[in-house]
1. Can you find even one residue in segment 9-18 that is of a type in the set (D, E, K, R), modelled with pLDDT of 95 or more, open to solvent by 50 Å² or more (accessible area, probe 1.4 Å) and in a helix (DSSP H, G or I)?
2. Go through (1) within 13 Å of the chain's Cα centre (by Cα); (2) surrounded by fewer than 13 Cβ atoms within 10 Å (Cβ to Cβ) one by one and return the number of the condition Glu68 breaks.
3. What is the residue count in segment 58-79 for residues that are in contact with a Cys (Cβ under 9 Å, 6 or more places away or on another chain) and of a type outside the set (Ser, Thr, Tyr)?
4. If Tyr42 satisfies every condition in (1) of a type outside the set (S, T, N, Q); (2) free of Cβ contacts under 8 Å to residues at least 40 places away in the same chain; (3) not in a helix (DSSP H, G or I) but one, which is the exception?
5. Confirm whether Arg84 is of a type in the set (D, E, K, R), in contact with a Pro (Cβ under 6 Å, 6 or more places away or on another chain) and surrounded by 15 or more Cβ atoms within 10 Å (Cβ to Cβ).
6. Please tell me if Glu100 is open to solvent by 70 Å² or more (accessible area, probe 1.4 Å), touching a residue at least 40 places away in the same chain (Cβ under 8 Å) and in a helix (DSSP H, G or I).
Amino acid sequence: MENHFRKITDIATLGELTSRSYKAPVVIFKHSTTCSISAVAYGEMERVAGDVELVEVQNVAELSREIETRTGIEHQSPQVIILRNGKAVWHASHWKIKTESVDQAARENA
């Protein structure tokens with residue numbers, strides 16, 4: 001499968017994603033490059049249909065904190081948050097990150 005991860009590294013891009021969520025769901029994946037659970041979640045997210053906005057938490061701690069502030073969802077890693085109409089409408093973390101669940105949540109919020 002073609003790599004559909006798009007790495008985001010700044011708060012300005014988060015604003016653009018929030019705006020884009022008014023047209024379609026936006027899937028954000030907060031990933032730790034040093035965590036074995038996150039590595040398993042990465043494998044699940046590789047199979048998700050559509051684009052996935054990737055936040056490597058070690059490299060962009062400020063962005064990760066801003067996502068928590070804007071969504072009201074406590075930071076976890078790994079973590080998936082789906083934005084729709086500027087708000088978090090679904091999230092999962094750790095072992096609850098499954099391809100089917102993310103795909104279903106994205107479809108339900110389309």
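1. yes
2. With respect to (1) within 13 Å of the chain's Cα centre (by Cα); (2) surrounded by fewer than 13 Cβ atoms within 10 Å (Cβ to Cβ), Glu68 is out only on (2).
3. Final tally of qualifying residues: 1.
4. Looking at each condition in turn, Tyr42 falls short on (3).
5. yes
6. Criteria not met by Glu100.
The values are calculated or read from the model by the stated rules, or taken from the named source; none is laboratory data. Source: prediction; values computed, not measured. Cβ atoms come from the backbone with ideal geometry, glycine included; neighbour counts cover every protein chain shown. Keep in mind that these areas ignore ligands, DNA and RNA; they rest on the heavy atoms of the full protein, side chains included. Shrake-Rupley method; radii C 1.70, N 1.55, O 1.52, S 1.80 Å.
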